[in-house]
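The values are calculated or read from the model by the stated rules, or taken from the named source; none is laboratory data. Keep in mind that this is a model prediction, so the values were computed, not measured. Every residue, glycine as well, gets a Cβ built from its backbone with ideal geometry; the counts of neighbours run over all protein chains shown.
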Amino acid sequence: MSAATTDQPENDAALLRRYRRGDADAFAVLYARHRLGLFRFLAGLCGDASLAEEIFQETWLSLVRSASEQQQASVQFRSWLYQIARNRLIDHWRRHGKRQGLQDVFDEQLHDSPADEPGPEQQLDLSRDRQRLQAALDDLPQEQREVFLLRAHGDMELHEIAELTHTPAETVKSRLRYALSKLRRLLADPAPTEEVCR
Amino acid sequence: MNTPNPERLPAEQILLEHYRAHETGQPSAELDAMILAAAREAVAPARPSLLARLRDLLRRPQRFALAFGSLASMALVLGLVLKGLPQEPSIDDRQVAPVLREELGESLAAKRKQELPRTAVPSPAPLNREAARMSAAPSVEALADQPAAAEIADVDAGYAPQSIRKPLVPPLISELDEVLSEVLQLREKGLDEEAQQLLQALREAHPQLDLDARLEQLQHPDGP
């Protein structure tokens, strides 16, 4: 049993503690573990690679400069990290006057009727899967997209997403269901978008 | 990280896997390097300040004692070397023993006695120096004044050291003053003729001296 325990990778909180005590290698492990997920979450959420890089950098540097360790044992490091990144992005949007839906009052009716008509610029050349996926994702309401991205890249459970986004768990569950449903439909049947292109 | 979760629905799992498989975005290598370097720098031990290093040095007794011991040894060796160096004896040294000074005076006097017959001009021996000085002195005031006396003494610079010349000036002044005081005493006693004769003789002996002025000074010592 002890062998199984030692084979398990060191958890994030322990790595962060080691880093705070001066072990830079512990940070490198943490970074390698979460860099891709965090970056793709940000890129998917804001749809801008350069902005994603900026927020990504700010997030890690704020973690480096912060002397605090994980505040609550119940909160996982991953949730904490994504929370920092999300707050940074919202701050950025606020500074630049962009209206962002992440703070909008949840409207179940809005989520119940996802946009049926993708924007014309999103319908150009959707022959490849990746582009179709991106277009489908961009077409989601922002709240649904965030939940999906946290699920896909952060690999978070519903209650973790609920805690991070300060949203009721049932609402998160609903958003995720609608997001998955729409993505499945778009990926299975690209015909409507092709028709629009014509 | 993104391992399949058995608790999730298979359809959801498939879609998530499909989506992840098509995601290619990632942070640049430069960004990775910058973040890792910043993290490493943040926990690197800071180089202590000069003050901190000095304090640290002083906290180590062995090293401090070693440094202090070396310094003391160097000072001791330097002192011994300087003390061992030969020192030139100085005739002009005022600290010469009286016995030695007497011997030196006698030998000089004997030497001058031997040289006297051979030279037409008398050598400026200490005994003749007073007369020479009398003839060279410009005024009585100058003799009374110590710096002026020193100036007169400079005439003898060729044959006598400064330390020997200086004490000879006061006897010259006192001698003159003694004669002038005699003149004054004779005047007080009403013996003006005798006083005048004495003063006249003194004037003839030292025509270059302003004897009247000195007489006035002696008569009124608190005067202007």
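Computed quantities for the displayed model
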{"quantity": "Selection within the range B:14-48 - under 60 Å from the mean Cα position of the chain (by Cα) and not basic (K, R)", "calculated": "B:E41, B:A42, B:V43, B:A44, B:P45, B:A46, B:P48"}
{"quantity": "Qualifying helices (runs of 4 or more DSSP H) (wholly inside the range A:1-93; at least 3 residues being within 14 Å of chain B (Cβ to nearest Cβ), touching a Lys or Arg at 6+ places or on another chain (Cβ under 9 Å) and modelled with pLDDT of 90 or more)", "calculated": "A:24-46, A:49-65"}
{"quantity": "Yes/no for B:L57 being more than 14 Å from chain A (Cβ to nearest Cβ) and at pLDDT below 70", "calculated": "yes"}
